[in-house]
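Presented below is the structure to which this report refers.
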Amino acid sequence: TQSTWGRNASLMPDLHIRVGGTDEETPISLEDDQTDINTSYIPDSFLFLTQQSLQNLQNYKYNGVDNSLYYEHFASPLAKWITETFTPTWVAPNAITVTGFLISLLSHFLVYLHCPQLTEFYPSWVPLLCALTTFLYQTLDNMDGKQARRTGTSSPLGQLFDHGCDSVVVTIFVLNIAAFMHFSGYSLAVFYLVIMVAFYVTHWEEFHTHKFSLPTINGPNEGLLTAMCVCILAAVKGSEWFTPTVRAPTMLVFLVIGVVTVGLHVRRTLRTTHLYPRSFDRDAPISAAVYRLLPVVIITSYVLAMCQSTVVFRMPYVFYWTVGLNFSSFDVHFMLNLLCDEAPRVLPKRLWPMLVIATVSLLHRSGHIEQSEEALVIAYFFGTLLHFTWFVRQIIRELCFALKISVFTIPS
């Protein structure tokens, strides 16, 4: 996730971006201003942006670093070369982002058709295609920010759009790998949660430390590289090769990447958040930071409580996509709070159905009630999907109006 926005003096004064793991700082030009924020009028239909949030948005400064050696020496130079050599300047950065997203979504749909319960055998071309689409997604994800700086069209919308797509694609990659390796039950739950939590705490740290920092080993680089290797192994060896003795060390690699990422983010945040507290956290910055991990605890408890349910074994995509879209919705809203310097709502109402469904599931499995949770799980999935679609559309609409820009076109 390498989104970077600059070239707008009103948005990002005195911005410098550290490149890779080096000590070199690359200043981004703040000339040729193409975007300004519309703070004079807020339509009544706006639900997320306020006059104050737009004022705060003008003071936001992005500060990012990726310490991955793979990114510094391969992924970033490759993306830069493709962007400067083959990408026309009329191509919008968000168009690059959504292209990578749609490619990943298409490969995921093919995985679902062949492995609807994550236990079926699959033709070798399916994981091979997923390895290719994962590489394409990673490359395009690195290209969008470079194209934005190249064309002078970087914006808060671009950063939010990029991170929003990334948050959804996490579920795609996890379920793809689970289908190829036949993860289920607790193994799938732990695998999914470690990856998803690692993604969330990256932005959680940025919110509290004012810096987006990826460690030497991280999900967007080494995590996706490992996923590509697993896909290639699945294509060459077949699903029968992933016996428990093979799945265990492979799972361990993913867990190490996830746990290291989470541990480093939490450690840095708790050590530095009191140095630069936000205005609404000055009384107790560390307590506020820990409190904002509560949604992670709720979602983790829900997944662990439900992962052994018969309904989840029969409909793993429905269950994990419900969790993933809730995670993505919360993460995008959290990112918007970061851009606008607003206190996030820690316990949104959309998380409460998890408590009801988990309770019904546990009572059913213990024999206290006859009715299963299947209807509730399905209803929760469609409700979450509708809410997420509306939520993303509304956020994009409001930011486009406020920033006076379009999503997929570059102003002449």
Over the range 272-371, what relative contact order in percent results from Cα pairs under 8 Å that are six or more residues apart?
31 percent
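Tell me the per residue accessible area of the range 151-306 using a 1.4 Å probe; a whole number in Å² is fine. If you can, show how the numbers build up before the last one.
Details: 5470 Å² over 156 residues.
Per residue, the range 151-306 has an accessible area of 35 Å².
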If I fit a long axis through the Cα atoms of helix 294-306 and take the longest principal axis of the Cα atoms of the chain, what angle between them do I get, 0 to 90°, rounded to 10?
20 degrees
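In the chain, once you exclude exposed GluC sites (Glu not before Pro) (DSSP loop, at most 14 other Cβ within 10 angstrom), what's the longest stretch remaining?
Values: sites that count: Glu24, Glu31, Glu120, Glu370.
The answer is 121-369.
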Lys237: which lysines have alpha carbons under 23 Å from its alpha carbon, excluding same-chain residues fewer than 8 sequence positions away?
none
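Just need the relative contact order of the chain here, percent rounded to a whole number, with Cα pairs under 8 Å and 6+ apart. Provide the component values of the computation, followed by the final result.
Numbers: 573 pairs, mean separation 93.3, N = 412.
Across the chain, relative contact order equals 23 percent.
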Name the lysines eligible as straight-distance cross-link partners of Lys146: C-alpha to C-alpha under 26 Å, and not fewer than 8 places from it in the same chain.
Lys61, Lys80, Lys211, Lys404
Going by alpha carbons, how many degrees (0 to 90, nearest 10) lie between the helix axis of 125-151 and the longest principal axis of the chain?
10 degrees
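Helix-only mean residue ellipticity at 222 nm, the chain, DSSP H runs n ≥ 4 weighted -39,500 (n - 2.57), per residue, nearest 500. What is it? Walk me through the numbers on the way to the answer.
On the way: 14 runs with 255 residues, N = 412.
Result for the chain: -21000 deg cm²/dmol, rounded to the nearest 500.
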Expected vector for the range 348-359, Karplus 3J(HN,Hα) from phi with 6.51, -1.76, 1.60 and θ = phi - 60°, integer Hz, x for Gly and Pro, equals x, 4, 5, 7, 5, x, 4, 5, 5, 5, 4, 5
Under the Debye formula (equal points on every Cα, no solvent term), log10 I(q)/I(0) of the range 357-409 at q = 0.21, 0.26 Å⁻¹:
-0.77, -0.92
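Suppose every K and R has +1 on its Cβ and every D and E has -1 on its Cβ; what is the size of the dipole of the chain about the Cα centre, in Debye to the nearest 20? Present the calculation step by step, with values, prior to reporting the outcome.
On the way: 24 positive and 30 negative charges, 113 e Å.
Approximately 540 debye in magnitude.
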Enter the Cα centre distance for the pair the range 181-219 and the range 320-367, rounded to the nearest angstrom.
16 Å
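For the range 260-412, take N as its residue count and report Rg(C-alpha) divided by 2.2 N^0.38 Å.
Details: Rg = 19.0 Å, N = 153, 2.2 N^0.38 = 14.9 Å.
For the range 260-412, the normalised Cα radius of gyration comes out at 1.28.
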Cα-based Rg (one decimal) and Dmax (whole number) for the range 179-280, in Å?
16.4, 55
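How would Phe327, Phe280 line up by accessible area, probe 1.4 Å, largest first?
Working: Phe327 10, Phe280 70 Å².
The ordering from most to least exposed comes out as Phe280, Phe327.
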Mean projected area, convex hull of alpha-carbon positions in the chain, reported to one decimal in nm², is 20.6 nm²
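Probe radius 1.4 Å, ligands and nucleic acids left out: which of Trp321, Trp125 has the largest accessible area, and how do the rest follow?
Details: Trp321 35, Trp125 120 Å².
Descending order: Trp125, Trp321.
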Any chance you could give the angle, 0 to 90 degrees and rounded to 10, that helix 224-237 forms with the longest Cα principal axis of the chain?
40 degrees
Sorted by chain and number, the residues with a modelled amide H under 5 Å from that of Gly64, at a separation of 5 or more or across chains, are Arg18, Phe212
Across the range 267-282, in residue order, what do the Karplus-derived ³J(HN,Hα) couplings come to in whole Hz, using 6.51 cos²θ - 1.76 cosθ + 1.60 with θ = phi - 60° and x for Gly and Pro?
4, 5, 5, 5, 7, 10, 5, 6, 7, 10, x, 6, 4, 8, 10, 5
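Taking all protein chains as present, what is the carbon and sulfur share of the accessible area of the chain, in % to the nearest whole number, probe 1.4 Å? Mind dumping the intermediate values first?
Working: 11460 of 17610 Å².
The nonpolar share, carbon plus sulfur, comes to 65 percent.
Return the loop-located trypsin sites (Lys or Arg not before Pro) in the range 271-329 (DSSP other than H, G, I, E, B) with at most 15 other Cβ atoms within 10 Å of their own Cβ; answer none if there are none.
On the way: sites: Arg271, Arg278, Arg282, Arg292, Arg314; in loops: Arg278, Arg282, Arg292.
The qualifying sites are Arg282.
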If you split all Cα-Cα distances of the range 40-88 into 5 Å bins from zero, what percentages do you get per bin, shortest first?
5, 14, 14, 11, 10, 9, 12, 16, 9, 2
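The values are calculated or read from the model by the stated rules, or taken from the named source; none is laboratory data. Computed from a prediction, not measured in an experiment: that's the story for all the values here. Neighbour counts run over all protein chains shown; Cβ positions are idealised from the backbone, glycine included. Protein only, heavy atoms only, side chains kept; ligands, DNA and RNA dropped before computing areas. Shrake-Rupley method; radii C 1.70, N 1.55, O 1.52, S 1.80 Å.
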